[in-house]
Amino acid sequence: MERYRCVLQQGMELGIYAYLLYPQGSLSDCFTLVESCPDCAFLVFCKGEALTEDAIQQARQYQNLLISVALTEEAKAVCTALRRAKLLYAVHMGYGPEELEQVLDGTLLRRAGECRPVFTFFQMESGCTEEQRKAIYSYVCASRKAQTQPTVAMELLCDNMFIDSIISDDACAVAFDTDGTLIRLPEGKRQAGYNIFQSSLYRILLETQPKRDGTPNYETYKKNLMQLGDEAG
């Protein structure tokens, strides 16, 4: 647990105060991190079975936490329990080529709406092309503007990049897998040689996310997202 706290401390020193966590199993360690960093905002993605009554009551203590529940069969009951506890929550679902049609025809968003979440996050899984991601993001932008569903749809990476492009000069998002290895976004590829538990976060970002020199740079990616948003309107 201490090594995770160290990573967060490095992040805060670099001005990073928003984190997406994917805990495996119990949420107790995750809650310990949330409690130890009250100045940070945490979006925690978990399965419904992790949200026991005790976990839900513990989550009520934290004002810097948003829970997202995987959209499975038990999600509706879990979301009901979260709502009764007066907790802000979201739902999330991965999408691949097999789910593409159900996303684009609104089936999955309507199903998510039955859980009454504030946000519904779509997250691309392996096998999707960049064109398919753009189709999903165009749909997400259109659904937000239409306001026909009782939940705000978001494509996790695209919207994260767009929001960051407003806050920062250059949009940037990285991820780390369970053993600490860097995952390059938006490609989703592991990059050996960069491990958050073996190198400083500063070094990893400096070497893998250079700014304003074009290698790589997300300006074109950002412009494409903005164009998709305009087309959806």
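Among the residues of the range 48-75 satisfying the criterion of being assigned to a helix (DSSP H, G or I) and not hydrophobic (A, V, I, L, M, F, W, C), which is nearest to Asp29 (Cα to Cα)?
Restricting to residues being assigned to a helix (DSSP H, G or I) and not hydrophobic (A, V, I, L, M, F, W, C), the top hit is Gln58.
With the structure loaded, tell me whether Cys158 is in contact with a helix residue (DSSP H, G or I) (Cβ under 7 Å, 6 or more places away or on another chain), touching a residue at least 60 places away in the same chain (Cβ under 8 Å) and either over 24 Å from Lys76 (Cα atoms) or among the polar types (S, T, N, Q) (or both) or whether it fails that test.
Considered against the rule, which asks whether it is in contact with a helix residue (DSSP H, G or I) (Cβ under 7 Å, 6 or more places away or on another chain), touching a residue at least 60 places away in the same chain (Cβ under 8 Å) and either over 24 Å from Lys76 (Cα atoms) or among the polar types (S, T, N, Q) (or both), Cys158 comes out as yes.
Looking at the range 137-155, is at least one residue charged (D, E, K, R), in contact with a helix residue (DSSP H, G or I) (Cβ under 9 Å, 6 or more places away or on another chain) and under 29 Å from Ala192 (Cβ atoms)?
yes
Quick check, is Lys145 part of a loop (DSSP other than H, G, I, E, B) and not hydroxyl-bearing (Ser, Thr, Tyr)?
Criteria not met by Lys145.
Every residue in the range 87-104 that is modelled with pLDDT under 95 and in a loop (DSSP other than H, G, I, E, B), please.
Answer for the range 87-104, where residues must be modelled with pLDDT under 95 and in a loop (DSSP other than H, G, I, E, B): Leu88, Gly96.
All but one of (1) in contact with a strand residue (DSSP E or B) (Cβ under 9 Å, 6 or more places away or on another chain); (2) at pLDDT below 80; (3) of a type in the set (D, E, K, R) hold for Arg190, so report the exception by its number.
Arg190 satisfies every listed condition except (2).
Within the range 1-31, which residues are open to solvent by less than 50 Å² (accessible area, probe 1.4 Å) and either outside any loop (DSSP other than H, G, I, E, B) or at pLDDT 95 or above (or both)?
Once the filter is applied, which keeps residues that are open to solvent by less than 50 Å² (accessible area, probe 1.4 Å) and either outside any loop (DSSP other than H, G, I, E, B) or at pLDDT 95 or above (or both), the range 1-31 yields Val7, Leu8, Gln10, Gly11, Met12, Tyr19, Leu21, Cys30, Phe31.
Of the residues in the range 105-125, how many are open to solvent by 30 Å² or more (accessible area, probe 1.4 Å), within 15 Å of Ile67 (Cα to Cα) and in a helix (DSSP H, G or I)?
The total comes to 0.
Would the range 140-163 turn up any residue that is modelled with pLDDT under 90, open to solvent by 60 Å² or more (accessible area, probe 1.4 Å) and aromatic (Phe, Trp, Tyr)?
yes
The values are calculated or read from the model by the stated rules, or taken from the named source; none is laboratory data. Every value quoted in this text rests on a predicted model; they were computed, and no experiment measured them. Methodologically, a virtual Cβ is constructed for each residue, glycine included, from the backbone with ideal geometry; neighbour enumeration extends over all protein chains shown. Note: areas computed on protein heavy atoms with side chains; ligands, DNA, RNA excluded. Shrake-Rupley method; radii C 1.70, N 1.55, O 1.52, S 1.80 Å.
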